[in-house]
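Below is one structure, written out as structure tokens, with a few remarks after it.
What follows draws every value from the coordinates through simple rules; no lab data is involved. Quick caveat, the model's predicted, so the values are computed rather than measured. Reconstructed Cβ throughout: ideal geometry from the backbone, glycine too, with neighbour counts over all protein chains shown.
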Amino acid sequence: MEALKNKVLNGCDLLNTEAVFNMLSGKRLGLISNSKALLKNGKAVATVINEKYNLYALFSGEHGFNTQKQAGGFDNEVFTENETGVPVYDLFGGKASLEKAEEIFKCLDCVLFDIQDIGTRYYTYQYTLLDALYLCQKTSTELIVLDRMNPLGCNRVEGNLLEKDCISEVGRVAGQPTVTGLTIGEITLWYNYKLNINASINIIACEGVTRDLKIENTDLSFTPPSPNLKSIDALFLYVGTCLFEGTNLSEGRGTDKPFEMFGAPWLEPKKVIDYLYYLPDEEKSAFKGLEFLPCTFTPTFSDYKNELCNGIQIEIKDKNHVNMFETGLQLIKAIKTLYPDKVEFSEHLGNLAGTKEIYMDEFNPHQYIKTQETELEKFKNERKSILIY
């Protein structure tokens, strides 16, 4: 018999409650969101807010409001959203976009944020939130976050803390771990405290969320939050396989399983898999709950477009026995060891990994992760004051 699913209501599902009505009624509202931000009943958050309240402006992050643009893409022109008739302004295009948004923020009473985060440092929606925090502080505008559960669960804190010399658009806050163990509402509070922003914040908390709860154990439907995270498994694996964005291997973009597999025309899957399984027991303990399977794929876009790639597909057997960030580091190390003349690393790899040690020949993923354990414990203690659940 299938286990009973935990009932969860995200913040957006509470828009019709008396408390939220009193908070929003009569105010000029902005909403930072996208078309994948849905209520439990399938209705778009933007549509519901527009029907019930005074929605004056919409703002979008990476992938655009309609989430159709690929990595790094954004809405570079103001347009009118079809369902609401409300103008959409970009928050991802850099200085010019933020300056335009600032002028709109000045006309608003408060700005709402509702985009599904995935609890991983590389994911840029949280940095759109960070930009909004700074804009709200600058314009004396209240920020209201419609919280959403962290699909990875809030007990999972993993990886390393971002080092200062690796700050970039995929990691903007030094000291943030790879896997945060925070909801987007909690991240808001942590950024506000950690960076001393002092914006005015209100969080509409979820109902039914506990720190050990993962999305597959709830009655929530999975909606892909961006074009290349198509499954719950992809969200989990992304913590490690996103590192391939900093290499000359494909991370599976242009296939039906991005971030669930990786490869290149020159890769020999069995050779890599054998290398992984011959590692010392303590080093391969990170991926005890995974299975690596040889595969081939031909991307329809992105790296190696229309070229046959030899690859490895990763299947999850037991999430409780996986450290996905360490697994990603082990994969990078394996390929560097086996293909020193073919693999290429970009600056982006260090930014994703959060450390430049990954470039060193003597880099040992397991030993490096061991050095981070104390730092992660410090983060867990630091975050206690901002936890909602």
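Rounded, prolate or oblate: which one fits region 211-302, using the alpha carbon gyration tensor with axes a ≥ b ≥ c (rounded when a/c is under 1.5, else prolate when a/b beats b/c, else oblate)? Here region 211-302 falls in the oblate category. Of the trypsin sites (Lys or Arg not before Pro) found in region 283-324, the ones in coil according to DSSP and having at most 16 other Cβ atoms within 10 Å of their Cβ are 288, 305, 317. In this simple spin-label approximation, residue 41 and residue 388 carry label points 7 Å from Cα along the Cα→Cβ vector, and these lie 2.2 nm apart. Using the average count of surrounding beta-carbon atoms within 10 Å as a protection proxy, the listed peptides 184-192, 168-176 rank, highest first, as 184-192, 168-176. The modelled label-to-label distance between residue 102 and residue 301, using points 7 Å beyond Cα along the C-beta direction, is 3.3 nm. Note on region 232-354: along the principal axes its Cα atoms extend 37, 32, 29 Å, ordered by decreasing extent. Expressed as a fraction of 2.2 N^0.38 Å, the value expected for a compact globular protein of N residues, the C-alpha radius of gyration of region 11-225 is 0.95.
Using the count of nearby Cβ atoms within 10 Å as a rough guide to exposure, how do 163, 51 rank from fewest to most?
Details: 163 16, 51 12.
Listed from fewest to most nearby Cβ atoms, that is 51, 163.
The gain in end-to-end length when the residue 195 to residue 273 segment is fully stretched comes to 23.8 nm, 0.36 nm per residue minus the alpha carbon separation. Working note: 222 nm ellipticity from helices only, DSSP H runs with n ≥ 4, each -39,500 (n - 2.57), summed and divided by the residues of the chain, gives -8500 deg cm²/dmol to the nearest 500. Applying the criteria of a DSSP loop state and at most 15 other Cβ atoms within 10 Å to the GluC sites (Glu not before Pro) of region 55-88 yields 77, 83. How would the chain be classified by its alpha-carbon gyration tensor: rounded, prolate or oblate, with rounded meaning a/c under 1.5 and the a/b versus b/c comparison settling the rest? It comes out prolate by the Cα gyration axes.
If you take every residue apart from residue 233 with its C-beta less than 13 Å away from the C-beta of residue 233, what net charge results, scoring Lys and Arg +1 and Asp and Glu -1?
Numbers: positive: 214, 230, 257, 317, 319; negative: 216, 256, 260, 291, 315, 318.
Around residue 233, the surrounding residues sum to -1.
A DSSP coil position with no more than 16 other Cβ atoms inside 10 Å describes the following chymotrypsin sites (Phe, Trp or Tyr not before Pro) in region 283-328: 301. The Cα center of region 345-389 and the Cα center of region 312-327 differ in position by 18 Å.
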